[in-house]
Amino acid sequence: MVLSQRFTEALLWATELHQQQVRKGSGVPYIAHLLGVTSEALEYGATEDEAIAALLHDAIEDCGGRPIALEIRRRFGDNVAEIVEGCTDAVTQPKPPWRERKQAYISHLRTASPSVRLVSAADKLYNARSILKDCRCVGDEIWQRFTGGRAGSLWYYRAVVDTLKSVDNRPIVAELERVVQELERLAASIPQSQDGPTPHPSP
């Protein structure tokens, strides 16, 4: 597959939308996450619409809510918009409580389209690999970056894996499970620091 000008336009727009944002705890420009998720999706067979949705998967949640959803639909069409909406766990600000949002998102994955499941799996795979890398570097302190803390974050990734496995047997799901298992093993081997919710905003 050769990506078209639509993908280039989405890449430029995603860069503009997230220009002032950085990754939690690391200060890395947020576009690195979007590029990583898109790369994972493409490696596992994403179409151009799915790749564009991967670039924009956080735009509704983090860059303007419903007006951004409408703009995605105008620029890139119904299919891309529906994938991004399906990957969004909050539209309003302030966001609903963390646990409530995550439980609703997990339930939604059971009936989500294959395209939504692919982009969601790519997002969680990239994040799990990033957490695993940082956990090796800074130890249990990594969990203080996340609203759910250690226990909540591990619960969430395990629940996503189990839910996706129940409805989707694509290789990306198997890879996500492998990385989450490695993260669980590493987390269990490191002495725990203070756990639980922190003041940081949720992803």
Restricting attention to segment 59-100, report how many residues are closer than 30 Å to R150 by Cα and of a type in the set (F, W, Y).
1
Please verify whether I106 is out of contact with any strand residue (DSSP E or B) (no Cβ under 7 Å at 6 or more places or on another chain), β-branched (V, I, T), farther than 25 Å from S130 by Cα and in contact (Cβ under 8 Å) with a residue 40 or more places away in the chain, treating the condition exactly as stated.
no
Within segment 67-98, restricting attention to residues that are of a type in the set (D, E, K, R) and at pLDDT below 95, which residue is surrounded by the most Cβ atoms within 10 Å (Cβ to Cβ)?
D89
Looking only at segment 126-181, count how many residues are without any contact (Cβ under 8 Å) to a residue 40 or more places away in the chain and of a type in the set (D, E, K, R).
6
Mind checking which residues of segment 93-131 are of a type in the set (K, R) and assigned to a helix (DSSP H, G or I)?
R99, R101, K102, R117, K124, R129
Right, R101: touching a residue at least 24 places away in the same chain (Cβ under 8 Å), farther than 18 Å from I52 by Cα and over 15 Å from the mean Cα position of the chain (by Cα) or not?
no
Let me spell it out: the conditions are (1) of a type in the set (D, E, K, R); (2) farther than 27 Å from E177 by Cβ; (3) free of Cβ contacts under 8 Å to residues at least 60 places away in the same chain, and E82 meets all of them except one. Which number is the exception?
(2)
Within segment 147-162, residues being among the hydrophobic types (A, V, I, L, M, F, W, C), closer than 15 Å to E100 by Cα and crowded, with 20+ Cβ neighbours inside 10 Å number 1
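The values are calculated or read from the model by the stated rules, or taken from the named source; none is laboratory data. Everything quoted here is computed from the prediction, not taken from an experiment. When we count neighbours, we look across all protein chains shown, and the Cβ atoms used for this are built from the backbone with ideal geometry, even at glycine.
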